[in-house]
Amino acid sequence: RPSERVPFTCVRCGFVLFFNAAAAVAVFVAREDGRVLFIRRARDPGMGKLGLPGGFADFGESAEEATRREVREEVGLELGALTYLASFPNVYAYEGVTYHTLDLFFRARAVGESEPRALDAVQSVCWLDPATVELDEIAFESMRAAVVALRLSP
């Protein structure tokens with residue numbers, strides 16, 4: 001319905017401010033044994049819960065560029081080829097502001113000999129089997145849906 005898509009209209013000049021979803025990315029970095037890299041979040045929202053390396057896309061950045069940058073910043077890895085998995089909407093409440101996001105999920109493998117390490121906003125890293133990870137341990141609904149999508153994908 002149009003009234004739901006147009007939250008603010010200036011009564012003086014008629015300017016219409018559209019609110020759109022913020023773009024966010026995350027990646028399932030897999031090892032040869034099928035385990036996937038998860039992080040424990042060092043900050044709210046979801047502090048202490050499981051997540052995937054990722055974050056918000058910056059202006060002028062593709063989803064793939066954002067994914068590679070976020071993985072470097074959060075766990076210090078370089079990625080090989082990215083494969084798109086799925087996207088899911090999410091609600092991200094941060095410091096009193098609720099952001100509606102569209103989270104794009106990818107699959108990849110790390111390249112090089114580096115081991116992942118907890119860097120920006122990451123408490124710790126762990127390799128888990130996505131088939132058995134507890135969904136209620138995951139910080140965000142979109143990531144839980146992505147884990148289910150990964151389980152169902154070939």
**Complete:** Apart from one, (1) among the small types (Gly, Ala, Ser); (2) without any contact (Cβ under 8 Å) to a residue 24 or more places away in the chain; (3) open to solvent by less than 80 Å² (accessible area, probe 1.4 Å) all hold for residue 51; the odd one out is (2)
**Fill in**
Of those in the stretch 95-154 that are β-branched (Val, Ile, Thr) and touching a Leu at 6+ places or on another chain (Cβ under 9 Å), the residue nearest to residue 49 (Cα to Cα) is 138
**Asked** Got at least one residue in the stretch 56-63 being in contact with a strand residue (DSSP E or B) (Cβ under 6 Å, 6 or more places away or on another chain) and among the charged types (D, E, K, R)?
**Response** no
**Prompt:** What is the number of the single condition among (1) among the hydrophobic types (A, V, I, L, M, F, W, C); (2) part of a strand (DSSP E or B); (3) surrounded by 12 or more Cβ atoms within 10 Å (Cβ to Cβ) that residue 93 does not meet?
**Reply:** (3)
**All positions within the stretch 99-114 that are open to solvent by 80 Å² or more (accessible area, probe 1.4 Å) and either at pLDDT 95 or above or among the β-branched types (Val, Ile, Thr) (or both)** = 109
**Checklist (1) among the β-branched types (Val, Ile, Thr); (2) at pLDDT below 95; (3) closer than 20 Å to residue 115 by Cβ applied to residue 6, failing item** = (3)
**Item:** Condition met for residue 37 (closer than 13 Å to residue 140 by Cα and open to solvent by less than 40 Å² (accessible area, probe 1.4 Å))
**Value:** no
**Message:** I'd like to check something: does the stretch 108-120 contain any residue that is under 15 Å from the mean Cα position of the chain (by Cα) and of a type in the set (Asp, Glu)?
**Reply:** yes
**Complete:** Within the stretch 38-85, of all residues that are within 17 Å of residue 149 (Cβ to Cβ) and of a type in the set (A, V, I, L, M), the one nearest to the chain's Cα centre (by Cα) is 52
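Residue by residue, here is whether (1) without any contact (Cβ under 8 Å) to a residue 40 or more places away in the chain; (2) within 20 Å of residue 86 (Cβ to Cβ); (3) open to solvent by 90 Å² or more (accessible area, probe 1.4 Å) holds:
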site	(1), (2), (3)
20	yes, yes, yes
30	no, yes, no
68	yes, yes, no
74	no, no, no
**Message:** I'm trying to understand the selection: among the residues of the stretch 100-126, which are within 20 Å of residue 35 (Cβ to Cβ), in contact (Cβ under 8 Å) with a residue 12 or more places away in the chain and of a type in the set (D, E, K, R)?
**Reply:** 107, 109, 117
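The values are calculated or read from the model by the stated rules, or taken from the named source; none is laboratory data. Because the structure is a prediction, the values reported are computed rather than measured. Quick reminder, even Gly has a Cβ in these numbers, built from the backbone with ideal geometry, and neighbours come from all protein chains shown. Note: accessible area is taken over every heavy atom of the protein model, side chains too, but ligands, DNA and RNA are not part of it. Shrake-Rupley method; radii C 1.70, N 1.55, O 1.52, S 1.80 Å.
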